[in-house]
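Note sheet for the following structure.
What follows draws every value from the coordinates through simple rules; no lab data is involved. Since the structure is predicted, the reported quantities are computational estimates derived from the model, not experimental observations. Note that each Cβ is placed from the backbone with ideal geometry, even for glycine, and that neighbours are counted across all protein chains shown.
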Amino acid sequence: MKSKKFLSVSMLTRIGILSALAFVVMYFEFPLPIAPPFYKLDFSEVIVLIGGFALGPLAAVLIETLKIVLNIIFTGTQTSFVGEIANLVIGLSFVLPAVWMYQRHKTFKTAILGMIVGTISLTMVGTAMNYFILLPAYSFFYKLPLETIIAMGAAINSNINSTLTFVILATAPFNLIKGVLSSIVVALVYKRVSPIIKEKNG
C-alpha cells in the first residue's frame, strides 16, 4: 500500500515540480568571501529539504537526483560526471539525516536538530569529498595543477598552503555556512509549510 501511495501520480507530480524548482534555484548562486570564487552557494537544498520533510526520504533522494540530472541535461558536464556524482552525495549527506530524524518524530524541534546533524554531516562529507575526489578531479579535467588551486585559496587565507589546509580552512567553512543558511531558511518557512507536511504524512 505504501509503495502504491508513493508511486501515485500526485506524489510523482510533486516530486517533479520540486525537482524542477530546485534546479531553477541552483542558478541563483553566489560566492562567499571565505572561499575561492569557484565555490558558489545556492539554496537548492532548501527545496530538497522541504520536499523530504513533506514526502519522505525516498522523495528527497529523487528530488536531489533529478535536480542533478536536469543540470546535466541543460548545462552538461565538464568532469565526466565526477563532480555531479560527488555533489549528489554531498547534497544527500545534508538532507537525508534531517529528513530521517524528522520522519521519526515530526516536530519543529526535531526538524531543527535534524538540520544541525545534517549540517555537520554536510561539512564532514563535503570536506572529505573535496579532498579525495573533487579537487583532484577539477585539477585533472580543467588542466589546473593543484598548486594553482591552493594558491587561489592562499590569496584569500594566507594560512592555506596545502590541499589539507585548503579543505579545512576554505571547503569546511563554506559547507558549514551553506548548511547553516539553508537550515535557517527552512526554519523560517517551516510554519507555513508544516500544515502541508503534516497532511501529506498523515
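Mean sequence separation of contacting Cα pairs (under 8 Å, at least six apart), scaled by the length of the chain, corresponds to a relative contact order of 23 percent. Pair-distance distribution of the chain: all C-alpha pairs, bin width 10 Å, starting at 0; shares per bin in whole percent are 9, 34, 34, 17, 6, 1. Sorted fewest first by neighbouring Cβ atoms within 10 angstrom, Val193, Val61 come out as Val193, Val61. The Cα center of the stretch 139-187 and the Cα center of the stretch 41-120 differ in position by 20 Å. Contact order for the stretch 93-202, expressed relative to its length and based on alpha carbon pairs under 8 Å spaced 6+ residues apart, stands at 27 percent. Each residue in Phe53, Phe166, Phe174 was given a count of other beta-carbon atoms within 10 angstrom of its own, and listing them fewest first yields Phe174, Phe166, Phe53.
Taking amide H atoms as placed 1.01 Å from N in the peptide plane, the amide H of Leu41 lies under 5 Å from those of Phe30, Leu32, each 5 or more residues away in sequence or on another chain.
Exposure proxy ranking for Glu84, Glu147, based on other Cβ atoms within 10 angstrom of each Cβ and starting from the fewest, stands as Glu147, Glu84.
Computed over the chain with a Gaussian network model linking Cα atoms closer than 10 Å, the most mobile of Pro173, Pro31, Pro57 is Pro31. Per residue of the chain, the DSSP helices (runs of n ≥ 4 H) give a summed -39500 (n - 2.57) that works out to -24000 deg cm²/dmol at 222 nm.
Can you tell which of Phe74, Phe132, Phe43 shows the greatest fluctuation in a Gaussian network model of the chain with Cα springs below 10 Å? Highest fluctuation of the listed residues: Phe74. Seen from Thr65, the other residues with C-beta closer than 14 Å to its C-beta sum to a net charge of -2, counting Lys and Arg as +1 and Asp and Glu as -1.
Of Thr110, Thr148, Thr119, the residue with the greatest mean-square motion in the GNM of the chain, using alpha carbon springs below 10 Å, is Thr148.
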